[in-house]
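Here is the structure we will look at.
The values are calculated or read from the model by the stated rules, or taken from the named source; none is laboratory data. A quick note: this is a predicted structure, and the numbers were derived from the prediction, not measured. Backbone-built Cβ (ideal geometry, glycine too); neighbour counts: all protein chains shown.
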Amino acid sequence: MTARTAGTLDAIEAKLQAGERLSYDDGCALFLEPDFLRLGMLANQVREDKHGDRTFFNVNMRFEATNVCEASCSFCAFAKLKEGAAGAHTTTHEAAWKELAEHPDPRLTELHMVNGLHPTLPFEWYEELLRGWKRVRPGVHLKCFTGVEIHFFAQKFGMTHEAVLTRLRAAGLGSLPGGGAEILHPDVRQRIATDKANGDEYLAAHRAAHKLGIPSNCTMLYGHIETFEHRVDHLLRLRDLQDETQGFQCFIPLAFHNENNSLRKLPEPTAVDSLRTLAISRLLLDNIPHIKAYWVSMGVPTAQIALRFGADDLDGTIIHESIYHSAGSRAPMALSRDELVRLIREAGRIPVERDTIYGVVEELPRAAVPEGALKVRDRMARKRSLALAGN
Amino acid sequence: MVKRKPGLVQNRYRRDTVDHGGRLRVVGVSFLNAQPLLHGLLSGLADDRMHVELAEPAELARRLFEDEADVALSPVAPLATHGGLEIVPGCAIGCDGAVESVKLVGDCPIEEADEILLDAASRTSVVLARLIVRHLRAGKAEPRYCARPAREIVATVGGKTAGLLIGDIALETRGKFRYEIDLGQAWKELTGLPFVFAVWAARPGVVSARDAPLFTSSLEAGLAARPQLAQAWARGHGGDAEAHLAYLNDRIRYQLDERALAGLCEFLRRAAEAKLLPVTELSFVGQDKPAFSPQRASVDSLLDYAADGGRLSFQDAMRLASEADTHELGLAADARRRTLHPEGVVTYIVDRNVNYTNVCTTSCRFCAFYRPVGHEEGYVLTREQLTQKIEETVAAGGVQILLQGGLNPALHLEWYEDLFRWIKATFPIKLHALSPEEIWHLVRLEDLTVQDVLTRLRAAGLDSLPGGGAEVLTDRVRAKIAKAKCTSAEWLEVMRVAHRIGMRTTATMMFGTADTQADRVLHMLKVRELQDETGGFTAFIAWDYQHDVGTRQVAGETGTVLYLRTQALSRLVLDNVPNIQTSWVTQGPGIGQIGLRYGANDMGSTMFEENVVSSAGTTFGMDAAQIERHARALGFKVAQRNMRYERLTVPA
């Protein structure tokens, strides 16, 4: 058994070195690979080949216009089903515009908005929301509405994805965040997210965006009822679409949190699962440029070490986040720009402040004392690896 | 009974109190056999170039390692432990055959002893003794080695217990024991070579070619003045001037010539082979760097050496810390962990941290927990409060109470004795209590010795000491962050005594304040050295400083990557400490878990109450089920343990 898995990791490493693409079976084997550190080294190598030590972050803010939602996803602790329910909240335009206008950081480059699927707000309300933001701070990129929301608008207002996206772009939309992907495989999706865009519809919304030249991100919510096979399937569906469109900028694995939702009896994925999933994403998604360690989801310490397990992006300053914190995230509500820079430097990396579409805002020097010569020097390390020894 | 060693106190934070005027800081030692080497220097031969001081022998290496001295008349073992020091050529303290001042003594033939008591004052002599004993026993299992104060050795040797005596006491006890092995003689018989005990050792690059000959000139003056030196020694220290002179003339060999160097190299080679000292290459002042060493050719080969259990020098550890890839450091530590714990079992203990008082007089800059004497938020837990906490612990399956607190001047030794007796009489629970700082506090408060305090506390029910308060065991760092606390030597002394009277303890390191990588490695080496001497540490735990609300110390080198690297390095450097704990209390359960692949084999304690770290804002909690789930997710089996790392449950 150990001999087989050892062979698999060696074979996968050989494939990577030859520039070959990994298969579904490779992906499944990697999830069972006991040699966790060597998996991390492989992902780190791919990451360094793509980005060197450069590690991206941005100065952004989160906004949630409404938590009223028609959908009833079992993993969600954020959504309130009806307007007027306890804790239900929908912003006014004025409040939303004020929050951006009064955001204290002059370096702010991005507003990231994800909402519930509100049953009654008209489409024009969303258009006006974006237009108002553009009037207040035209320089701030609006990364708004998940593929699920785009699909919801299309259905609700009787439009195509293209039509929805074209009108929102005209109102100021810059790109789509990656949320709402959950697990794309229907066996899982039907059990945890029955009443919103299915996997194909999520992908269709992103395909439409990419065809219009609107970039987007993509995600995967892991660690609940899905199997490793479902994760690999999910990643390959994203890879296939990316082959077609090249519109994804970044993949963000999202760890399931179990408080205040109907899956609360499930244990949360542990750090080793998070790092493993992130590393495998880096290895499978050879055509998506960036892999993000979203610190709100992983926690700050794990996100920092993730920068050596395949991640090249730490997301941003965020300021205020409700979705994960509703489900029990203990991560802080915000990190300052200085803290992000410090986290990246402590990991031996070079901090690069980016905008939403990965334009460089400022590349900062690395820490005075770098971690040192960090390349894998030779294959001697294998001798120390778990390959033949078990635990 | 030894009270505080005078040297420890005299040198308390004395750094840079003397104006060296840009001169070399030279440290010698006040031994008879060192007098000829020092004579010229102490007579003003090089006053314009050097500032010369004398120090306790145990201080010499510490001063060199911690950059408090440039050149020291150092025993040779630290040359290997450091790995980067330069030898001043030409002079040494050695012997060619019998030396008389370093000997194994016993009532039975030494090779038949079951136990050998060591005067740990000279590590070089200890290593020599162990090599000779190993040779004499020719493949038989090693005897038990225990460190003891010299006077106690003289009093205890008998039956199957032998002893190692060094220095004046060895000379004074000539002919007192039935069996004696002169180690100089034994070495000569074993190798045909002279032995070198000490050399002038210098920090790399500090001694110029111009200064080096001054040391030989000093010796030449000293050799000529031996009769006067012997007489002066007899006047100052007692003894017979003639005997002193004979010792200097006939026993000590001061030349560091080809034969002496061959003896030195042979000693270091044999010590490294026996894994008593790190593998080392000698280098000399004014000489080009040493020859190619295949052992250290690359970081990779160094990692392999460490992963195989090779003993790392200071320089090796520094190189790994600065050059090794994080994952590779993890792989090497994981391999080493697997060798030491091949069953793949992760352990943890169910216990509770109880802080009996928060009143404290030390006002450490990194602490948000303490309250000064008289503060309205100061507390001492009542028996009722303690009862509740301990009952909860027992009900939750807890086997131990970790009891620590501030240095509260209102609480005397009797208070602790009463408390411990009451706890042990009332509850079925072990007491893991009082860090070295609290022990020193009682030593001062009661004007007793460390041994008296520990013996009384043990009689009252104390089972083991936690390794807290070590912070970083270099005095430079301690002076910056915890001025009022004991010195690193004092911290170690409590542990030494505790181990000697049969208690086990842990050792910790809190880094991320004023420490550098060198400080962290020196800390590990000090723990390793004491562990060689006593074997009393069960585990090492590193955690990182939590800079937050209520602390005044600015954060230094911190972060999760550094935390995991430090933990992995500790697994490699501490080749003689059996267990490494992950610190999920500061880094969170996730990194606690990942740490199991960076050298750790233990997840510490359930800690269902912790006040010190959480006062600074970090609040991570894990119960037994969570600990087990995290370890199993990496494929480990899990077992509960007690403080001595005996398993209390079947691994599953």
From the set of residues in region B:434-450 that are in a loop (DSSP other than H, G, I, E, B) and closer than 30 Å to B:V554 by Cα, which is nearest to the chain's Cα centre (by Cα)? B:S435
What number of residues within region B:325-364 are more than 25 Å from the chain's Cα centre (by Cα), of a type outside the set (S, T, N, Q) and either assigned to a loop (DSSP other than H, G, I, E, B) or within 14 Å of chain A (Cβ to nearest Cβ) (or both)? 12
Condition set closer than 18 Å to A:G180 by Cα and among the aliphatic types (A, V, I, L, M), scope region A:311-329, selection modelled with the lowest pLDDT: answer is A:I323
Within region B:451-472, residues under 19 Å from the mean Cα position of the chain (by Cα) and under 21 Å from B:L402 (Cβ atoms) come out as B:S464, B:L465, B:P466, B:G467, B:G468, B:G469, B:A470, B:E471
When you scan region A:259-339 for helices (runs of 4 or more DSSP H) that lie fully inside it, which ones turn up with 3 or more residues that are buried (at least 23 other Cβ atoms within 10 Å of the Cβ) and within 16 Å of the chain's Cα centre (by Cα)? A:271-284, A:295-298, A:300-306
Filter region B:575-599 down to residues that are buried (at least 24 other Cβ atoms within 10 Å of the Cβ) and away from every other protein chain (no Cβ under 13 Å) and give me whichever is farthest from the chain's Cα centre (by Cα). B:Q581
When every residue in region A:335-361 that is of a type in the set (S, T, Y) and in contact (Cβ under 8 Å) with a residue 24 or more places away in the chain is compared, the one farthest from the other protein chains (Cβ to nearest Cβ) is A:T356
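Taking the options B:G239, B:G175, name whichever one is at pLDDT below 95, outside any helix (DSSP H, G or I), more than 31 Å from the chain's Cα centre (by Cα) and assigned by TED's automatic domain parsing to the domain that holds B:P89.
Only one candidate passes the filter, namely B:G239.
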Where residues in region B:302-324 are closer than 13 Å to B:K275 by Cβ and part of a helix (DSSP H, G or I), which of them is farthest from the other protein chains (Cβ to nearest Cβ)? B:Y305
Any idea how many residues of region A:293-334 are closer than 21 Å to A:G359 by Cβ and free of Cβ contacts under 8 Å to residues at least 60 places away in the same chain? 2
Residue within region B:195-205 that is surrounded by fewer than 21 Cβ atoms within 10 Å (Cβ to Cβ), in a helix (DSSP H, G or I) and of a type outside the set (A, V, I, L, M) present: no
Can you tell which of B:G90, B:G94 is touching a residue at least 24 places away in the same chain (Cβ under 8 Å), out of contact with any Ser or Thr (no Cβ under 8 Å at 6 or more places or on another chain) and not in a loop (DSSP other than H, G, I, E, B)? B:G94
So which residues in region A:16-31 are assigned to a helix (DSSP H, G or I) and within 28 Å of B:G635 (Cα to Cα), if there are any at all? A:L16, A:Y24, A:D25, A:D26, A:G27, A:C28, A:A29, A:L30, A:F31
Would you please name the residue that is farthest from the other protein chains (Cβ to nearest Cβ), looking only at residues in region A:304-334 that are acidic (D, E) and over 19 Å from B:T326 (Cα atoms)? A:E321
Identify all residues within region A:44-85 that are among the basic types (K, R) and under 20 Å from the mean Cα position of the chain (by Cα); write none if there are none. A:R47, A:K50, A:R54, A:R62
Any hit, region B:129-145, residues being among the hydroxyl-bearing types (S, T, Y), surrounded by fewer than 20 Cβ atoms within 10 Å (Cβ to Cβ) and either touching a strand residue (DSSP E or B) at 6+ places or on another chain (Cβ under 6 Å) or part of a helix (DSSP H, G or I) (or both): yes
Within region A:90-113, identify whether any single residue is hydrophobic (A, V, I, L, M, F, W, C) and surrounded by fewer than 17 Cβ atoms within 10 Å (Cβ to Cβ), and answer yes or no. yes
Per the filter on region A:9-52, residues within 11 Å of chain B (Cβ to nearest Cβ) and either charged (D, E, K, R) or free of Cβ contacts under 8 Å to residues at least 12 places away in the same chain (or both) are A:E33, A:D35, A:R38, A:E48
